[in-house]
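J.: Mind having a look at this structure? Questions to follow.
The values are calculated or read from the model by the stated rules, or taken from the named source; none is laboratory data. Computed from a prediction, not measured in an experiment: that's the story for all the values here. Virtual Cβ from ideal backbone geometry, glycine too; neighbours counted across all protein chains shown. Ligands, DNA and RNA are stripped out before the accessible areas are found, and what is left, the full protein with its side chains, is counted by its heavy atoms. Shrake-Rupley method; radii C 1.70, N 1.55, O 1.52, S 1.80 Å.
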Amino acid sequence: MLSGKTALVTGSTSGIGLGIAQALAAQGANVLLNGFGDYQPALEAVRQAGQPHAVQADYHGADMSKPAEIEAMMAFAAQRFGQVDILVNNAGIQHVANVEDFPPEKWDAILAINLSSAFHTTRLALPAMRAANWGRIINVASVHGLVASAQKAAYVAAKHGIVGLTKVTALETATTGVTCNAICPGWVLTPLVQKQVDAKAAAQGISNQEATAQLLGEKEPSLQFTTPEELGALAVFFCSAAGNNVRGVAWNMDGGWAAQ
Ligand code: NAD
């Protein structure tokens, strides 16, 4: 379905980004990975997922908090693959503290990585998408783009912001073959959430299993994690012909979290 297209997935060395990258590769898209840490296993997993379509996968290590590095990554993508047809803005970090205790440098980092990076990639990817009259921009927001939780000021502000950016981008491209939508997951058991489980277990002197049950029980009525594979399937739907007129939605996959 996506043979001949190229996807750039930011923050795809682990977790949700890697799941989405694998799902797009399995549909035939070439993939440019990005993120920190050892990227070789992710590259191998994506190549394997795309093997039936002989997809090409590569990596760029741009720090998504740095506009100049984002520009270099977009230039690399154009030179390596021709252009970016599918842009998945997924890189993100978290920090948990009350507003008055929130370190200003953490606020700046979360806003830069979780929100501003998507503005930069989008502004740089749009001209070629418009010229081709086809493109898909998928912003990985969060249920925290729709509702708030205490102690997550920067994250909630950034995620509400990216839902807003999604709507504006969708309106500005509404008469073209470019669509822009957001995905709003509830809890997904990735390294980002494992850290929150570990902190809960340590703070209360409870087991990892108890902390996990508590975490889900507080917010997610299904008491189940959403998986990167499920989120990958939603991204594939947005990229399909059936998604041609899905524009500006913030689609939660959250086990009923935002329905409460
Ligand atoms: P993760 O920690 O597994 O992955 C985050 C990715 O972003 C990694 O590849 C990491 O290297 C990369 N990254 C971090 N800082 C970066 C930077 N400065 N430059 C480039 N890459 C950087 O986390 P995840 O849970 O897979 O999160 C992915 C996205 O999903 C985030 O935007 C997160 O907010 C969102 N999300 C996660 C959950 C969840 O429950 N896990 C829920 C809702 C939304």
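J.: Hey, with R₀ at 35 Å, roughly what FRET efficiency would Q48 and V246 work out to, going by the Cβ-Cβ distance, to 0.05?
T.: Working: r = 29 Å, r/R0 = 0.84.
So the FRET efficiency works out to roughly 0.75.
J.: Which length gain, in nm to one decimal place, applies between S149 and A233 when the Cα-Cα distance is subtracted from 0.36 nm times their residue separation?
T.: 27.5 nm
J.: In Å, what Kirkwood hydrodynamic radius results for the stretch 176-260 from the alpha-carbon pair distances?
T.: For the stretch 176-260, inverting the mean 1/r across all distinct Cα pairs yields 14.4 Å.
J.: Alpha carbons only, please: Rg and Dmax for the stretch 32-87, in angstrom.
T.: Gyration radius and largest Cα-Cα distance of the stretch 32-87: 11.9, 36 Å.
J.: Could you sort the peptides 21-29, 100-108 by per-residue average Cβ neighbour count (10 Å cutoff), highest mean leading? Display every interim value, and only then the final one.
T.: Values: 21-29: 25.4, 100-108: 11.8.
Those peptides, ordered most packed to least, come out 21-29, 100-108.
J.: Nearest 20 debye, what's the magnitude of the dipole of the chain about its Cα centre given +1 on Lys and Arg Cβ and -1 on Asp and Glu Cβ?
T.: Here the size comes out at about 640 debye.
J.: Same structure, new question: Sorting check: for 57-66, 7-16, which peptide has the highest mean count of neighbouring beta carbons within 10 Å, and how do the rest follow? Write out the running numbers ahead of the final one.
T.: On the way: 57-66: 19.0, 7-16: 26.5.
By packing density, highest mean first, the sequence is 7-16, 57-66.
J.: Quick check for you: which residues of the stretch 1-27 have the amide N under 16 Å from the point 7 Å beyond the Cα of A78 toward its beta carbon?
T.: Counting only backbone N, you get 6, 8.
J.: Relative contact order for the chain using alpha-carbon pairs under 8 Å, separation at least 6, rounded to a whole percent?
T.: Once normalised by length, the contact order is 20 percent.
J.: Can you give me the angle between helix 40-49 and the longest principal axis of the chain, using Cα atoms only, in degrees from 0 to 90, rounded to the nearest 10?
T.: 60 degrees
J.: Separate question: Could you give the length gained by full extension between Q196 and E100, i.e. 0.36 nm per residue of separation minus their alpha carbon distance, to one decimal place?
T.: Value of the extension gain: 32.6 nm.
J.: Still on this structure, I have one more. Select from L2, A250, G50 the residue farthest towards the positive end of the dipole of the chain; place +1 on Cβ of Lys and Arg, -1 on Cβ of Asp and Glu, and compute about the Cα centre.
T.: Most positive-ward Cα: L2.
J.: Related question: Against the longest principal axis of the chain, how steep is helix 15-26, in degrees 0 to 90 to the nearest 10, with axes from Cα atoms?
T.: 30 degrees
J.: Here's something else I'd like to know. Taking Cα centroids, how far is the stretch 51-102 from the stretch 191-225 in Å?
T.: Measuring centre to centre over Cα atoms gives 28 Å.
J.: Tell me, what ³J(HN,Hα) does each residue in the stretch 118-128 have, in order and in whole Hz, if you take phi through Karplus 6.51 cos²θ - 1.76 cosθ + 1.60 with θ = phi - 60° and put x for Gly and Pro?
T.: 5, 4, 5, 5, 5, 5, 7, 7, 4, x, 6
J.: To continue, here is another question. Give me the percent of accessible area attributable to carbon and sulfur for the chain, probe 1.4 angstrom.
T.: With neighbouring chains kept in place, the figure for the chain is 55 percent.
J.: With unit charges on the beta carbon (Lys/Arg positive, Asp/Glu negative), name the residue among G37, F238, N98 whose Cα is farthest towards the positive pole of the charge dipole of the chain.
T.: Positive-most Cα among the choices belongs to F238.
J.: Thinking of the chain as a set of Cα atoms, what percent of all their pairs are more than 24 Å apart? The partial results should precede the final answer.
T.: Values: 15097 of 33670 pairs.
The answer is 45 percent, as a whole percent.
J.: Which value in deg cm²/dmol, rounded to the nearest 500, describes the helix-derived mean residue ellipticity at 222 nm for the chain, given -39,500 (n - 2.57) per DSSP H run of n ≥ 4 and division by the residue count?
T.: -14500 deg cm²/dmol
J.: At 1.4 Å probe size, with no ligands or nucleic acids counted, give the accessible surface of S3 in Å², nearest ten.
T.: 80 Å²
J.: Once you charge only the Cβ atoms, +1 for Lys and Arg and -1 for Asp and Glu, what is the size of the charge dipole of the stretch 137-260 about its Cα centre, to the nearest 20 debye?
T.: Computed charge dipole of the stretch 137-260: roughly 300 debye.
J.: In terms of modelled amide H atoms, which long-range or inter-chain residues lie less than 5 Å from the amide H of I137?
T.: Here the answer is L87, T179, C180, N181, since their amide H atoms fall under 5 Å of that of I137.
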